[in-house]
Structure formats: structure tokens, C-alpha cells
Amino acid sequence: SVAPTNAPMASVTAPSVPIVTGNQAPAPPKAAMRRYVVVLDCSGSMQERSYPGWDHTKPTKAQGALKMTAATKDRLIHEDVDGRTAVTVVCFGNQVVVGQKNYKPKGLKDFTHWPDMGGTALRDAIIEGLQSAEQNAAPDDTFCVITVTDGQENASRNYTQETFLREIRLRQQT
């Protein structure tokens with residue numbers, strides 16, 4: 001048994017905590033998303049074998065790109081442990097087609113066909129893919145562009161080299 005003591009008790013002051021009720025409560029900060037833009041070259045040259053005179057039993061560049069794209073999807077699924085990854089997929093040739101916009105990696109459709117879409121509008125595809133991914137994006141979201149191509153720009157109508165670089169620099173500053 002413990003004998004009672006006449007010693008004074010230590011004084012403890014509770015910290016001041018503001019009381020917030022109703023819609024006065026501040027919203028928690030939104031966690032930043034990782035946004036990937038996968039830009040796939042669907043130009044006519046992707047239907048060719050990798051090298052002139054290559055054995056026709058070997059896969060085309062498009063078939064090789066399909067395997068690489070599937071591996072990229074698998075990697076993004078594996079890395080999305082916190083559910084904060086979104087993927088936008090763009091196919092391009094002479095024109096740009098945004099096929100899947102801001103999907104979770106697990107929701108991406110598998111690519112089983114590589115359409116032949118003519119030339120290589122690479123600049124248009126990258127910027128239009130970024131613009132699609134930026135819709136509803138938060139200021140802290142990060143972006144990564146993954147481009148699969150075998151050639152060089154030859155068909156963009158909306159972005160010259162100068163305007164393309166200006167668009168990229170603008171995004172790097174923010």
C-alpha cells in the first residue's frame with residue numbers, strides 16, 4: 001500500500017485546440033497523382049520489319065511495340081501501390097487519337113492491334129496527350145511522357161518545333 005502524501009500535484013495545461021464545426025473544416029490536401037502519357041506511333045513504318053531484308057517470319061516493329069507496351073502496363077500496375085497513378089494513352093500517325101484518358105493502370109485495355117495511321121505527327125501527339133492528362137489535374141501532380149516511335153516528326157499540323165518547345169518549357173516551369 002502507498003501512503004498518502006501532502007505534496008502538491010503538478011499542474012498540466014491542455015494545449016489550445018480550435019474547435020471547427022460544419023463546413024468550416026479545412027479540406028485535407030489532395031495527394032499528388034503520377035500521370036503517365038503513353039504516346040504510341042501507329043504510322044505506316046511501324047508495320048514494317050525492323051530492318052530492310054529482315055526475315056519475314058520475325059515480328060514487325062508494331063508487334064515488338066505491343067510487347068513493350070504490355071510490359072509498361074504491367075510495370076505501372078506493379079508500381080501503383082497507393083492508387084495515385086493515372087495513364088493516358090495516345091495513338092498517332094497523321095492524326096492523333098486519345099484512346100484511353102486518365103485510366104488507373106489496372107483499367108487499361110490490352111493492346112492487341114496496332115493500326116496503320118500514316119505519317120508521324122509526334123509533336124501533336126505529345127502535346128495533345130499532355131492536354132488530355134492535364135484535365136482535372138492538381139497543381140502538384142507530376143507528368144511523365146513515354147513515347148514509342150521508330151521515326152521522326154513529319155506530319156504535325158498544330159505544333160511547329162518552336163511552338164512544341166514553348167509548350168514543353170511552359171509545363172516545366174509550373
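When the chain is fully extended, how far beyond the present Cα-Cα distance does LYS104 get from VAL81, taking 0.36 nm per residue of separation? Mind showing how you got there, number by number?
On the way: separation 23, 0.36 × 23 = 8.28 nm, distance 1.13 nm.
Gain in length upon complete extension: 7.1 nm.
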> Extension gain ALA71-ARG171, at 0.36 nm per residue separation less the Cα-Cα distance, in nm?
Replying inline: 33.2 nm
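Values quoted throughout were computed directly from the atomic coordinates according to the rules given, and no laboratory measurement underlies them. All values derive from a computational prediction rather than experimental measurement.
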